[in-house]
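**Q** Please find one structure pasted underneath; my questions will follow.
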Amino acid sequence: MNQEPKEVKQPSEADFLYNKHVTCTICDKTFETRVIRSAKLRRLQPDFDLRPRFRDIDTLKYDVYACPYCGYAAMSRYFEHLTKGQVQLVKEQVCSKFEPGLVEPAETIDYAEAITRYKRAMTCSEVKKAKGSEVAYTCLKISWLYRSVADEMPEGTDGEKAKKAEIRKVQEVYYKKAFDGFQAAVAGENFPICGMDSYTLDYLMACLACHFKEYYFASKAISNILSSQTVDRRMKDKALDLKYEILEGIKKADS
């Protein structure tokens, strides 16, 4: 007797999350926030500019810790280790204006909430006079989130097309801020920058430069990777693919 195949349950976003207790660096209160169960993730091909992709969940939405008591927010890698001066700046310029919200974390968060948290994190980064790379990386992730919002938007009517175009414009603004910020960071900071070695950041910068049609900048960044004897094969292959796109862009610009 043939048995019917068991139906495979599609995992929900909540299946990849759990509650983590975090102590706020500013107000010293402990709150819960939803974080990723990394062991359950299944990696997909990243976007051309290294934006990570995973099956059934967008992990970017959960990379900001946002204190519901005082308003301090930062990406997880930057949430701790503030100086006394930075703590004071955040208290004076962020916490004094913040109205506490819900303490219990929602089961999942949507793109609108994720973007709000990242923008709070960016404000806190600017207030505490963080490294330029921190602000640039936050802008990059905000741009990536807007990309996902736009990708999911319908465009069947003129109104829908207009709304989608507006989101793309905002996406571009943060993408440019990230590009400009990383250029300044490379000139004034030591590696690793935002957890990236020089070759990874060279590749990311080449992608950003290519997007903004700054092909000679992109070509120089890619040449650093292709001339290296230590960079891994996968990165070199990605750089080689991008090189052809850059050369095509230069050809069109010069014609």
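Bear in mind that the values in this text are calculations on the coordinates, not laboratory data. Since we're looking at a predicted model, the values are computed, not measured. Here Cβ is always computed from backbone atoms with ideal geometry, including for glycine, and neighbour counts include all displayed protein chains.
**Q** Based on alpha-carbon atoms only, what is the radius of gyration of the chain relative to the globular estimate 2.2 N^0.38 Å? Mind showing how you got there, number by number?
**A** Values: Rg = 20.7 Å, N = 255, 2.2 N^0.38 = 18.1 Å.
Rg over 2.2 N^0.38 Å, computed on Cα atoms: 1.14.
**Q** Students often forget the sequence filter, so: which lysines lie under 28 Å Cα-Cα from residue 91 once same-chain residues fewer than 8 apart are removed?
**A** By straight Cα distance, residue 91 reaches 20, 29, 61, 119, 128, 129, 131, 141, 177.
**Q** Helix-only mean residue ellipticity at 222 nm, the chain, DSSP H runs n ≥ 4 weighted -39,500 (n - 2.57), per residue, nearest 500. What is it?
**A** Estimated from H runs of four or more residues: -17000 deg cm²/dmol.
**Q** While we're looking at this one, here's another question. Pick out which of 243, 161, 29 has the largest mean-square fluctuation in a Gaussian network model of the chain, springs linking Cα atoms closer than 10 Å.
**A** 161
**Q** To continue, here is another question. Arranged from highest to lowest average of other beta-carbon atoms within 10 Å per residue, in what order do the peptides 11-24, 55-68 appear? Each step should come with its number before you reach the end.
**A** Working: 11-24: 15.0, 55-68: 19.9.
Result, highest mean Cβ count within 10 Å first: 55-68, 11-24.
**Q** What size of dipole, in debye to the nearest 20, comes out for the chain about its Cα centre when the only charges are +1 on Lys and Arg C-beta atoms and -1 on Asp and Glu C-beta atoms?
**A** Dipole size: approximately 480 debye.
**Q** What fraction, in whole percent, of alpha-carbon pairs in the stretch 103-255 exceed 17 Å separation?
**A** Summing the P(r) tail past 17 Å for the stretch 103-255 gives 68 percent.
**Q** Which order results if 79, 182, 217, 48 are arranged by neighbouring Cβ count within 10 Å, fewest first?
**A** Going from least to most buried by this count: 48, 217, 79, 182.
**Q** Aspartates and glutamates within cross-link reach of residue 213: Cα-Cα under 20 Å, excluding same-chain residues under 8 positions apart?
**A** Those aspartates and glutamates meeting the cut-off are 47, 49, 172, 180, 202, 241, 245, 248, 254.
**Q** Further question on the same structure: Using the Cα atoms as the points, what is the convex hull volume per residue of the stretch 78-140 in Å³?
**A** 103 Å³
**Q** What FRET efficiency, computed as 1/(1 + (r/R0)^6) with R0 = 35 Å and r the Cβ-Cβ distance, is obtained for residue 176 and residue 21, rounded to the nearest 0.05?
**A** 0.40
**Q** Right, next: Taking Cβ-Cβ under 4.7 Å as the only way to count a partner, pick out the unpartnered cysteines of the chain.
**A** Flagged as lacking a Cys partner: 124, 139, 194, 207, 210.
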